[in-house]
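Q: Just passing along the structure, written as structure tokens.
The values are calculated or read from the model by the stated rules, or taken from the named source; none is laboratory data. Predicted model, so just to flag it, every value in this text is computed and none were measured. Ideal geometry is used to build each Cβ from the backbone, glycine not excepted, and the neighbour counts take in all protein chains shown. The accessibility values were calculated without ligands, DNA or RNA, using every heavy atom of the protein model including side chains. Shrake-Rupley method; radii C 1.70, N 1.55, O 1.52, S 1.80 Å.
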Amino acid sequence: MHRRAFCALVLVPLTLAAASMGRAAAPDTAQLKAIPARMQEFVDRQVVAGAVTLVAQGGKVVALDAVGYSDLKTKRRLRTDDLFWIASMTKPITGTAVLMLQDEGKLSVDDEVEKFLPEFKGQMLLATKTPDAQVLKKPSRRLTLRDLLTHTAGLNSDVPETGRDLMLHERTLAYALQPLAFEPGSKWQYSNPGINTLGRIVEIVSGQKFADFLATRIFQPLGMSETTFWPTGSQARRVAKAYQPGPGNQGLAEVDNYFLKGLPLTARWRTAIPAGGLYSTAGDIAKFYQMMLNGGVANGKRLLSPAAHQQLTTTQTGDIKTGFTEGMSWGFGFQVVKQPVGVTAMLSPGTYGHGGAYGTQSWADPKTGTVYILMIQRAKMQNGDGSDIRKAFQETARATWVK
């Protein structure tokens with residue numbers, strides 16, 4: 001088991017100011033050792049090949065551990081600075097980019113999508129569908145950025161297979177040509193197309209490529225030097241391999257990142273996908289969430305207005321049922337715990353964050369000032385947000401300062 005022992009013995013400062021909210025009691029440093037021990041149980045049972053866990057409390061990293069392997073074939077031990085495909089954990093970062101532009105007066109979340117993307121003008125709603133025909137009608141209102149941010153737009157995900165990697169502007173055109181699945185704002189349906197459309201709007205409004213906007217406006221100010229759509233050659237050697245259950249559910253079998261669609265990991269000509277294309281480390285993601293706990297401030301610089309921060313991290317979906325576990329709601333890009341229950345029972349109401357397709361998890365509890373980061377690469381989980389390993393990690397981490 002690889003472990004940085006000092007993380008269990010001292011409090012390691014993040015490069016960010018401590019949050020100015022209520023804090024839990026100081027963690028029990030001996031109890032912190034229980035976190036990697038619990039994760040090792042999942043490695044031993046071959047649920048995952050390895051796991052990196054990070055807990056930050058009161059603005060400081062109090063636990064950073066790695067157990068298991070990044071490569072089962074070569075027996076390379078997992079390290080705390082290894083990179084993971086964070087998949088849909090990209091979505092809150094995309095939401096943050098949109099709200100930054102709102103802070104600058106360049107857009108509003110209540111703007112209609114067609115204001116920036118004329119191809120969405122006249123988009124119709126699918127009223128009924130039979131084996132022989134589709135009946136379309138005009139929706140009661142036009143799509144807004146708010147709909148996209150909360151997964152209530154009704155965009156369909158049908159994108160034609162072209163045999164090549166589609167650019168963002170091509171993807172959004174394909175989305176616009178499909179009829180809406182339901183009236184905008186009427187229900188929740190998880191939508192990669194919606195978030196990708198927001199990424200394209202960021203490009204149009206800012207005049208920058210989406211990846212460049214994230215790099216200059218978020219990653220560089222936060223010191224997130226290991227967060228990228230295109231790992232370098234040296235970073236690629238530190239990307240943890242992904243696994244799924246082997247034949248007959250015996251052991252683990254290596255699997256490719258399906259988002260790459262066979263394209264090279266390091267190829268910078270791959271499209272930067274706003275809905276799920278980023279690679280990162282536990283330490284980098286903790287910096288992003290600490291900024292959020294600080295109300296949008298990092299290193300003495302305000303990245304988000306208080307109003308934008310609140311919109312991102314508080315419920316924007318009313319009473320609409322949302323999410324992949326009970327008691328969830330949606331902010332702008334972030335999931336928000338409305339009623340702690342089950343896998344979120346140990347978290348406070350108002351805790352916000354997001355998971356990823358291969359089981360990664362990132363959550364910030366504003367009541368206790370705590371950040372929870374779980375990095376794994378496990379495909380074909382029944383429900384990554386509701387996984388036993390997520391629950392075990394959060395329960396164990398929470399117990400370290402509950403006296």
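Q: For the chain, calculate the relative contact order in percent as a whole number, restricting contacts to Cα pairs under 8 Å that are 6 or more residues apart.
A: Over the chain, the number comes to 24 percent.
Q: With a 1.4 Å probe and all protein chains left in place, how much of the accessible area of the range 129-175 comes from carbon and sulfur atoms, in whole percent?
A: Using a 1.4 Å probe with all protein chains present, the range 129-175 comes out at 51 percent carbon and sulfur.
Q: Can you tell me the accessible area per residue over the chain, all protein chains present, probe 1.4 angstrom, in square angstrom?
A: That works out to 41 Å² per residue.
Q: Say each of Ala307 and His169 gets a label point 7 Å from the Cα, pointing the same way as Cα to Cβ; how far apart are those two points in nm?
A: Distance between label points: 3.2 nm.
Q: Quantify, in whole percent, the carbon and sulfur part of the accessible surface of the range 184-227 (1.4 Å probe; protein heavy atoms only).
A: For the range 184-227, the apolar C and S fraction of the accessible surface comes to 43 percent.
Q: Next question. Give me the percent relative contact order of the range 289-367, please, defined on Cα pairs under 8 angstrom at least 6 residues apart.
A: Relative contact order for the range 289-367 comes out at 21 percent.
Q: Using a Cα-Cα cut-off of under 28 Å, which lysines could be cross-linked to Lys75, ignoring same-chain neighbours fewer than 8 residues away?
A: Lys33, Lys241, Lys261, Lys380, Lys391
Q: While we're on this one: In the structure shown, do any of Lys209/Lys301; Lys209/Lys367; Lys287/Lys321 have a Cα-Cα gap over 25 Å, and if so which?
A: Beyond 25 Å: Lys209/Lys367; Lys287/Lys321.
Q: What is the distance in Å between the Cα centres of the range 232-250 and the range 353-369?
A: The distance from the Cα centre of the range 232-250 to that of the range 353-369 comes to 22 Å.
Q: Sticking with this one: Per the helix-only calculation at 222 nm, which mean residue ellipticity applies to the chain, given -39500 (n - 2.57) for every DSSP H run of n ≥ 4 and division by its residues, nearest 500 deg cm²/dmol?
A: Helix-only estimate at 222 nm: -7000 deg cm²/dmol.
Q: Distance between Cα centroids, the range 256-271 to the range 165-205: provide it in whole Å.
A: When both Cα centres are located, 21 Å separates them.
Q: Which of Glu161, Glu119, Glu254 moves most in a GNM of the chain, Cα contacts under 10 Å?
A: Result: Glu161 has the largest fluctuation of those listed.
Q: Using a 10 Å cut-off on Cβ atoms, rank the peptides 66-72, 129-135, 267-273, 111-117 from the highest mean neighbour count down.
A: 66-72, 111-117, 267-273, 129-135
Q: Can you list residues whose amide H is under 5 Å from Gly331's amide H, if they're 5+ apart or on another chain and H is modeled 1.01 Å from N?
A: Gln316, Val336
Q: Name the long-range amide H neighbours of Asn299: under 5 Å, sequence gap of 5 or more, or other chain; modelled H, no Pro or chain starts.
A: Amide H neighbours of Asn299: Ala17.
Q: Still on this structure, please answer the following. Which FRET efficiency value, to the nearest 0.05, is calculated for Gln250 and Val341 with the Förster distance at 35 angstrom and r the Cβ-Cβ distance?
A: That pair, Gln250 with Val341, gives E of 0.55.
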